[in-house]
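*Asks:* Submitted below is the structure of interest, expressed as structure tokens.
The values are calculated or read from the model by the stated rules, or taken from the named source; none is laboratory data. Because the structure is predicted, anything quoted here is derived from the model rather than measured. With ideal geometry, Cβ positions are generated from the backbone for all residues, glycine too; neighbour counts draw on all protein chains shown. Please note that ligands, DNA and RNA were not included when accessible areas were found on the heavy atoms of the full protein model with its side chains. Shrake-Rupley method; radii C 1.70, N 1.55, O 1.52, S 1.80 Å.
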Amino acid sequence: MCKFKTIVQETLIQYLQLDQDVLEELLEKPQNPEHGHLSLPCFAWAKTLKKAPNLIAQEFCEKLKKHNLSSYIDSVNALGPYLNFKQNQILLGQELLQTIINEGDLFAKKSLDAPPTVVLEFSSPNIAKPLSIGHLRTTNIGACLARVFKHQGWNVIRINHLGDWGTQFGKVMLAFRLWGNAEDLEKHPIDTLYKLYVKFHEEEKKDPSLADQAREWFAKLEQNDETAKELWQWFKDISLKELNTIYQELGVEFDHVWGESFYVDMLDELIVDLKQKNLLKDSQDAKIVDLKDYKLGVSVIQKKDESSLYMTRDLAAAQYRYQQFHFDEMLYVVGNPQKLHFQQLFKVLELLGCDFVDRCHHVAYGHVDFGHEKMSTRKGNIVLLKEVIAQAKDRALSIIEEKNATLNNKQAIANAVGLGAVLFADLNAKLARDVKFTWDEILNFEGETGPYLQYGLVRAKSVLEKYEGQWSDKIKIDSIETVEERSLLQSLNDYPQILGKTLKEKEPFYLSHYALELVKQFNRFYAKCRVLDAPEHQKYFRLCLVKSLTIVLESSLKLLGVPRVEKM
């Protein structure tokens, strides 16, 4: 499609003297593929030409038909206010399939001479607390976007901004001193710390003075008290060990694990800068930046005991990251409820004169619903991510036992299917929407699910395994006879464009939706078109279609983080 779009643009510029920038914006894929493969809406010229858009489309069409157009353009026609172009399917098929098969996993992958840099902050759990199903979205979305950006030639910096600072650690330290023991902590670190955190909030209701004692412990930490720092470092080390086990299972990696504590030594300089720019004000013994003129309320920078907050540390983090990486974009993959926080953060950075602020974006996403009440880490009624994954694997194994009891390596396959089901279900919804997990839906092998994609790939590869001939260095197509062949070819051709759209809009749903549509197109094709026993003039072309489908689908699954399986 990219090459065809370029050819159409060049044709319109050469013969109609249209502006390239305008064409780049306007050329689109028609909703009805029968109308063509590219369409130019002609509304933009109605005012200057003083004609109705449908008449303009007709006039443009007549002018173009007077010239010898590129062999890649099969036809051009006007339909209402649209000028439609059809692509030569034979040339498309020969060039596209040859490219996909030759390049393999490198198809649609970009290598830029001067790669831009993107910094992605994602996952960012609090230490001393278990990963809940709520952490899945930030971790999964961030990892997927990182893979897509890297695939498209960007330099990618993945940062896990751990919540390892703040009053909550005063609470955990105090709780451990009052009710904890080292033996339990070493055996079950995060579970023990989390139970202590929950117990603190239960006891706080009976004894409100505990809140003040917790704040004192955090103040000790900020003042480098030796006992407080030793406890904090111990809690952090044992928490990271368990977190890394889950990250490894999810296939998630980071370039830097920099918690909020990493930026603490930078805060004094930040406070001085805020004061020098007359941004810092006193309010009820705290230090604030007043953003009411911008309808963003008040941003608290420093508490009355001079301890820092999320905002203080986020400001320092943004400045440090730009100094280190000079990024072209920085993405914060954080849920919708933090929208105001990031609006305030970006506004304060702007007021500080940080000209990189327009490169910072909040990639917001909706809530995860697993059929339970709203999750709260204080009350202890969270849905643990590791338990969800374990249950997904168990349920997948039960389905495999029922459908294919003689399958080898059932447990390994069930693990891949269960994990893939959870990860894909999370990505198969637009970011703005809430995600509701239902076991029967996400593990449905025939629904819009991860297992459906995994099975589609296995099915396609099984066709290729039965082919005993040789793969030619040159693909030659005599004819494309069915709508299913043309549709699958066009779907394969759309892959680079889908990746570009996923990157531009920071929206993994475009890729997940594409993968589903690709498998649906393959299933329609395979149901209607004979492959291995097709007539010779069709057989090799159809085999190349299947081979290309496996390459593009495998690439899609890899970017989505869905494990691939050999048999199902």
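*Asks:* Looking for whichever is open to solvent by 50 Å² or more (accessible area, probe 1.4 Å) and in contact (Cβ under 8 Å) with a residue 40 or more places away in the chain here; the options are Glu226, Glu253. Which one fits? Don't jump to the end; show me each part of the working.
*Replies:* Working: Glu226 fails: in contact (Cβ under 8 Å) with a residue 40 or more places away in the chain.
Answer to the selection: Glu253.
*Asks:* Moving on. Please return the ranges of strands (runs of 3 or more DSSP E) entirely within segment 259-356 where 3 or more residues are open to solvent by 30 Å² or more (accessible area, probe 1.4 Å) and free of Cβ contacts under 8 Å to residues at least 24 places away in the same chain. It would help to see each step written out before you state the result.
*Replies:* Values: elements: 280-283, 286-290, 298-302, 329-333.
Counting at least 3 such residues, we get 280-283.
*Asks:* Working carefully through the options Lys150, Lys129, find the one that is open to solvent by 10 Å² or more (accessible area, probe 1.4 Å) and under 15 Å from the mean Cα position of the chain (by Cα).
*Replies:* Values: Lys129 fails: under 15 Å from the mean Cα position of the chain (by Cα).
Going through Lys150, Lys129 in turn, the sole match is Lys150.
*Asks:* In segment 169-246, which helices (runs of 4 or more DSSP H) lie fully inside it and hold 3 or more residues that are under 29 Å from Leu385 (Cα atoms) and within 37 Å of the chain's Cα centre (by Cα)?
*Replies:* On the way: elements: 182-187, 189-206, 209-222.
Those helices (runs of 4 or more DSSP H) span 182-187, 189-206.
*Asks:* Does segment 454-468 contain any residue that is open to solvent by 50 Å² or more (accessible area, probe 1.4 Å), touching a residue at least 40 places away in the same chain (Cβ under 8 Å) and not in a helix (DSSP H, G or I)?
*Replies:* Taking every residue of segment 454-468 in turn, at least one turns out to be open to solvent by 50 Å² or more (accessible area, probe 1.4 Å), touching a residue at least 40 places away in the same chain (Cβ under 8 Å) and not in a helix (DSSP H, G or I).
*Asks:* Moving to a separate point now. So Glu121 fits all but one of (1) of a type in the set (Asp, Glu); (2) closer than 30 Å to Arg158 by Cα; (3) surrounded by fewer than 20 Cβ atoms within 10 Å (Cβ to Cβ); what number is the exception?
*Replies:* All conditions pass for Glu121, except number (3).
*Asks:* If you check every pair at least six apart or on different chains, which have Cβ atoms under 6 Å apart with a residue in segment 487-505 that is in contact (Cβ under 8 Å) with a residue 60 or more places away in the chain first and a residue that is among the hydroxyl-bearing types (Ser, Thr, Tyr) and crowded, with 23+ Cβ neighbours inside 10 Å second?
*Replies:* Once the first residue is in contact (Cβ under 8 Å) with a residue 60 or more places away in the chain and sits in segment 487-505, its partners that are among the hydroxyl-bearing types (Ser, Thr, Tyr) and crowded, with 23+ Cβ neighbours inside 10 Å give Leu492/Ser548.
To keep it simple, each residue is scored yes or no on (1) open to solvent by less than 10 Å² (accessible area, probe 1.4 Å); (2) under 18 Å from Leu97 (Cβ atoms); (3) touching a residue at least 12 places away in the same chain (Cβ under 8 Å).
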site: Lys528; (1), (2), (3): no, no, yes
site: Leu549; (1), (2), (3): yes, yes, yes
site: Leu557; (1), (2), (3): yes, no, yes
site: Glu566; (1), (2), (3): no, no, yes
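*Asks:* May I ask you to verify whether Gln338 is in contact with a strand residue (DSSP E or B) (Cβ under 8 Å, 6 or more places away or on another chain) and either more than 19 Å from Asn160 (Cα to Cα) or small (Gly, Ala, Ser) (or both)? Even if it seems obvious, please write down each step before you answer.
*Replies:* Numbers: in contact with a strand residue (DSSP E or B) (Cβ under 8 Å, 6 or more places away or on another chain): yes; either more than 19 Å from Asn160 (Cα to Cα) or small (Gly, Ala, Ser) (or both): no.
So Gln338 fails the test.
*Asks:* While we're looking at this one, here's another question. Going by what's in this entry, would Trp154 be described as aromatic (Phe, Trp, Tyr) and free of Cβ contacts under 8 Å to residues at least 40 places away in the same chain? Steps first, please.
*Replies:* On the way: aromatic (Phe, Trp, Tyr): yes; free of Cβ contacts under 8 Å to residues at least 40 places away in the same chain: no.
Considered against the rule, which asks whether it is aromatic (Phe, Trp, Tyr) and free of Cβ contacts under 8 Å to residues at least 40 places away in the same chain, Trp154 comes out as no.
*Asks:* Could you tell me whether segment 154-169 includes any residue that is surrounded by fewer than 18 Cβ atoms within 10 Å (Cβ to Cβ) and within 30 Å of Glu249 (Cα to Cα)?
*Replies:* Within segment 154-169 (the criterion being surrounded by fewer than 18 Cβ atoms within 10 Å (Cβ to Cβ) and within 30 Å of Glu249 (Cα to Cα)), the answer is yes, since at least one residue qualifies.
*Asks:* Sticking with this structure for a sec: Being open to solvent by less than 80 Å² (accessible area, probe 1.4 Å) and touching a residue at least 24 places away in the same chain (Cβ under 8 Å) is the filter here, so list the residues in segment 530-543 that pass it. Before you say what the answer is, go through the steps one by one.
*Replies:* Kept after step one, since they are open to solvent by less than 80 Å² (accessible area, probe 1.4 Å), are these residues of segment 530-543: 531-532, 534-535, 538-543.
Within segment 530-543, Val531, Leu532, Gln538, Tyr540, Phe541, Arg542, Leu543 meet the criteria.
*Asks:* A further question follows. Are any of the residues in segment 428-441 in a helix (DSSP H, G or I), among the β-branched types (Val, Ile, Thr) and in contact with a helix residue (DSSP H, G or I) (Cβ under 7 Å, 6 or more places away or on another chain)? Reasoning before the result, please.
*Replies:* First pass over segment 428-441, keeping only residues in a helix (DSSP H, G or I): 439-441.
Imposing the further condition that a residue be among the β-branched types (Val, Ile, Thr) reduces the set to none.
Looking through segment 428-441, none of the residues is in a helix (DSSP H, G or I), among the β-branched types (Val, Ile, Thr) and in contact with a helix residue (DSSP H, G or I) (Cβ under 7 Å, 6 or more places away or on another chain).
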